[in-house]
Amino acid sequence: MTTLTRRTFLQAAAAVCAAGPAFAKSPGTVLKAAAAEQQVLPTEYPATPLWTFNGTFPGEALRIKQGDRVIRQLENALPQSTAIHWHGIRIDNAMDGVPGLTQAAVEPGGAFNYDFVTPDAGTYWYHSHNRSTEQIARGLYGPLIVEEAEGPDVDRDIVLMLDDMRLTQTGEISDDFDNMHDKSHAGRLGNIILTNGRMDLSYEVRRNERLRLRLINASNARIFQLGLQGLNAWTVALDGMPLGQPEPVDGAFVIAPAQRVDLIVDVVAEAGSEAFLIHFERDGGFAQVTFDVVGQDASQPRAAPSPLPPNPDLGRADLASATPIPLVMEGGAMGGMRGAMMDGRRMAMRELVQSGQMWAFNGTAGLPEAPLVDVFKGEPVRISMRNDTAFPHAMHLHGHHFREVRADGTQGPLRDTILIDRNETRDIAFVAHNPGDWLLHCHMLSHQAAGMKTWMRVQ
Ligand code: C2O
Ligand code: CU
């Protein structure tokens, strides 16, 4: 185990400590996108001007029961147009929140009525899908939790939204959203690490307590490498979808941008000590979240948790009848791309870069006119994604969950976002069950803005 030290920012000594749930719950039917200030840095620094949903960062926690309707009117009080995407929800296409594909962006002063049902229980999130490199970096995201009719037997349910943020010395969000280096390299990485908008989040727990931790990576581009100390854990769901069997967590695990991991953890650290969610960096392990063990529950350590109740069966794609559709990812720094199609015209790399584009899927930068996948409802789809770039990419498909087709032909757990390392080829497969036009893009948001997006049409 590497040493644990508390994060410091600009040598600040003060640690901001918070106990208990960080989100307020309100029954209101409006989601107002508006500017607000919140203390992100230690208190000797100024509060940070943010863009928020309903005044808090992260935005209001939406909690509903599986199968219920979410009815929310987005009111845009921002100086920019915006739209809300409900990440991971197998939603009606018209409610998917993608400007230019499923709706017009909501102008400043305008409104849009989102109204949809939530077919699957699990951990989801909502975020701006307009100028998302900027708008998510400014704080426009929140958790969307769909509860099982019968939840698992846990003492507490805790949402942990991981992020990094790039702040200036005066606590402002650094406004270099079009930074060329970010666009062409690993994306916009922050200089402070946050959980639920705080640099040093902590909870008081008791030994033998059983917690459900819902991890959501809301960062623009950071791949979090995580571990646990003093907590005995099982993974029970990925990207909202329950695993058939809980899997014991053994060592470090990774959560790419936009991915979610649901853990059930038992506090095994001694009373009077601390347990940790650890964030590993090159220079060691840091406390992402601290659990102060303030006492002991009488209950003996419990048996391994049961699986979460399954969501509606999505079936499996019949691989024999699904011809793999290639998706070749090219471009970026050290990628050797010489040019690509853009807006129906072939451009050399130099011209692409001048228009802010640096990446391509199958030789096209930005959203192509024709969809990558054009299928009828019920058809099996297999996409073979080859990463010919020097960076990893977190590929997200809207409106559907998919399974990875492993080398031995078996299919992995359901996901909506898959991390593909450099020089890797990964295949995903699913049955196209949800009609509409669906985005498929890299969730490293600067990459998306700089070309990494395509789409699928299901008729
Ligand atoms: Cu998290 Cu295109 O979305
Ligand atoms: Cu990418």
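Brief remarks on what is shown
- Near pairs, Cβ below 6 angstrom, 6+ apart or cross-chain, from the stretch 440-451 (open to solvent by 10 Å² or more (accessible area, probe 1.4 Å)) to any residue that is near ligand 1 (Cβ under 9 Å from one of its atoms): 448/441
- Residue identified as touching a residue at least 24 places away in the same chain (Cβ under 8 Å), more than 16 Å from ligand 2 (Cβ to nearest atom) and buried (at least 23 other Cβ atoms within 10 Å of the Cβ) among 402, 376: 402
- Figure legend. Inter-residue proximity from the stretch 77-92: first residues surrounded by 23 or more Cβ atoms within 10 Å (Cβ to Cβ), second residues at pLDDT below 95 and among the charged types (D, E, K, R), beta-carbon distance below 9 Å, spacing 6+ or different chains. No pairs are indicated.
- Of residues in the stretch 105-129 being in contact with a Gly (Cβ under 9 Å, 6 or more places away or on another chain) and open to solvent by 30 Å² or more (accessible area, probe 1.4 Å), the one farthest from ligand 2 (Cβ to nearest atom): 117
- Of the residues making up the stretch 403-426, those that are of a type in the set (S, T, N, Q) and farther than 23 Å from residue 186 by Cβ are 410, 411.
- A single entry from 407, 450, 390 fulfils the requirement of being away from ligand 1 (no atom under 14 Å from the Cβ), of a type in the set (A, V, I, L, M) and modelled with pLDDT under 95: 407.
- Residue ID - farthest from ligand 1 (Cβ to nearest atom), chosen from residues in the stretch 103-144 that are among the β-branched types (Val, Ile, Thr) and out of contact with any Leu (no Cβ under 7 Å at 6 or more places or on another chain): 117
- Residue that is nearest to ligand 1 (Cβ to nearest atom) [pool: residues in the stretch 343-359 that are outside any loop (DSSP other than H, G, I, E, B) and surrounded by 22 or more Cβ atoms within 10 Å (Cβ to Cβ)]: 359
- Where residue 455 falls short, out of the listed (1) more than 14 Å from ligand 1 (Cβ to nearest atom); (2) of a type in the set (Phe, Trp, Tyr); (3) open to solvent by 10 Å² or more (accessible area, probe 1.4 Å): (1)
- Search result, residues across the stretch 190-249 that are open to solvent by less than 10 Å² (accessible area, probe 1.4 Å) and more than 30 Å from residue 43 (Cβ to Cβ): 212, 233, 236, 237, 239, 240, 241
- Qualifying residue in the stretch 41-62 (condition: in a loop (DSSP other than H, G, I, E, B), closer than 30 Å to residue 367 by Cα and at pLDDT 95 or above): yes
- Here is the figure for the stretch 143-173: residues that are assigned to a loop (DSSP other than H, G, I, E, B), under 29 Å from residue 44 (Cβ atoms) and either touching a Phe, Trp or Tyr at 6+ places or on another chain (Cβ under 7 Å) or touching a residue at least 12 places away in the same chain (Cβ under 8 Å) (or both) total 5.
- Taking first residues from the stretch 251-262 that are at positive phi and open to solvent by less than 10 Å² (accessible area, probe 1.4 Å) and partners that are assigned to a strand (DSSP E or B) and hydroxyl-bearing (Ser, Thr, Tyr), the Cβ contacts under 9 Å between residues at least 6 apart in sequence or on separate chains come to 258/417.
- Selection of the stretch 51-76 for residues being of a type in the set (A, V, I, L, M) and either more than 21 Å from the chain's Cα centre (by Cα) or surrounded by fewer than 23 Cβ atoms within 10 Å (Cβ to Cβ) (or both) yields 61, 64, 70, 71, 74.
- When each of 427, 408 is tested for being of a type outside the set (A, V, I, L, M, F, W, C), open to solvent by 50 Å² or more (accessible area, probe 1.4 Å) and either assigned to a loop (DSSP other than H, G, I, E, B) or on the phi < 0 side of the Ramachandran plot (or both), the lone residue that passes is 408.
- Condition broken by residue 362, with the remaining ones in (1) within 16 Å of ligand 2 (Cβ to nearest atom); (2) buried (at least 19 other Cβ atoms within 10 Å of the Cβ); (3) not hydrophobic (A, V, I, L, M, F, W, C) satisfied: (2)
- Residue among 136, 71, 89 that alone is in a loop (DSSP other than H, G, I, E, B) and among the hydrophobic types (A, V, I, L, M, F, W, C): 89
- Pairs linking a residue in the stretch 309-321 that is touching a residue at least 60 places away in the same chain (Cβ under 8 Å) to a residue that is exposed (fewer than 11 other Cβ atoms within 10 Å of the Cβ) and charged (D, E, K, R), with Cβ atoms under 8 Å and 6 or more positions apart or on different chains, are 309/150.
- Among all residues of the stretch 389-397, there is none that is over 15 Å from residue 448 (Cβ atoms) and either touching a His at 6+ places or on another chain (Cβ under 7 Å) or away from ligand 2 (no atom under 16 Å from the Cβ) (or both).
The values are calculated or read from the model by the stated rules, or taken from the named source; none is laboratory data. Remember, it's a predicted structure, so these values are computed and weren't measured experimentally. Heads up, the Cβs are rebuilt from the backbone with ideal geometry, glycines too, and the neighbour counts pull from every protein chain shown. The protein model used for the area step is the full one, side chains on, heavy atoms only, and it has no ligands, DNA or RNA in it. Shrake-Rupley method; radii C 1.70, N 1.55, O 1.52, S 1.80 Å.
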